[in-house]
1. So how exposed is V127, as accessible area in Å² (1.4 Å probe, rounded to 10)?
2. Check each of the GluC sites (Glu not before Pro) in the stretch 57-129 and keep only those in coil by DSSP with at most 16 other C-beta atoms within 10 angstrom; list them in order.
3. Taking amide H positions as placed in the peptide plane 1.01 Å from N, state which residues far from Q103 in sequence (5 or more) or on other chains have amide H under 5 Å from it.
4. Once you place label points 7 Å from the Cα toward the Cβ at L136 and R50, how far apart are they in nm?
5. If I model a spin label at S82 and R102 as a point 7 Å from the Cα along the Cα→Cβ vector, what separation in nanometres do I get?
6. What share of Cα pairs, in percent, lie more than 24 angstrom apart in the stretch 65-180?
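The values are calculated or read from the model by the stated rules, or taken from the named source; none is laboratory data. The model shown is predicted, which means the values in this text are computed figures rather than measured ones. A quick note on method: Cβ atoms are made from the backbone with ideal geometry, for glycine too, and the neighbour counts reach across all protein chains shown. Calculation scope for accessible area: heavy atoms of the full protein, side chains included, ligands and nucleic acids excluded. Shrake-Rupley method; radii C 1.70, N 1.55, O 1.52, S 1.80 Å.
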Amino acid sequence: MGEATRVHARPRGSSVSILGRNGSARITNGGTEMQTTTQLLELTHDECLRLLAANTIGRLAISVADRPPLIRPVNYLFDVRSNSVIFRSARGSKFHALTHARQAAFEIDGHEPATQSGWSVIAVGPVEEVTNAAELARLDRSPLRPLAPGDAAHWMRIRTTVVSGRRIGPAQLGSASPPSNGASSSLHADRPAP
């Protein structure tokens, strides 16, 4: 059994932590200690694209020389036609950073506390403003509308040249064992007491 960290239940709830190189952990639930095993799996390229297409909120990450990295939540759509993350932007720090960056990263994630599982997808690629009139007309017919107030007149695109994702959760009987790359994984969920 690999390293594990004991976590004691908090009043009015229990805390679950999954730690360790081999995915094993000790979980306390109301003072009762249980043993569990987790697995960290790489998502396929197609799974990553399906998750990008099925979600609408993500985090945009941009790094421009001589400035701190900029991370902003944005609503988006995944354009299968151009294999791109598409979102709208108003003029401001995000737009300025986007127009000066060569590449951007985009991240989405989800979790299910009941099953102690979660996933994340990261897409990286060149960022550009959409200026082609035909494309703009097509995008204007899309359901994407800015959530933030103001005029977000600029359509932006990240062409997803690199896409990767991971899923962590309880190991299933007969499933592949977690990777042994030495990475330490953690998943944390709080549950109210019954």
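1. My reading of the accessible area for V127 is about 20 Å².
2. Sparse-neighbourhood loop GluC sites (Glu not before Pro): none present.
3. HN-HN under 5 Å from Q103: V127.
4. Placing both labels 7 Å along Cα→Cβ, they lie 3.7 nm apart.
5. Placing both labels 7 Å beyond Cα along the Cβ direction yields 2.1 nm.
6. That fraction is 38 percent.
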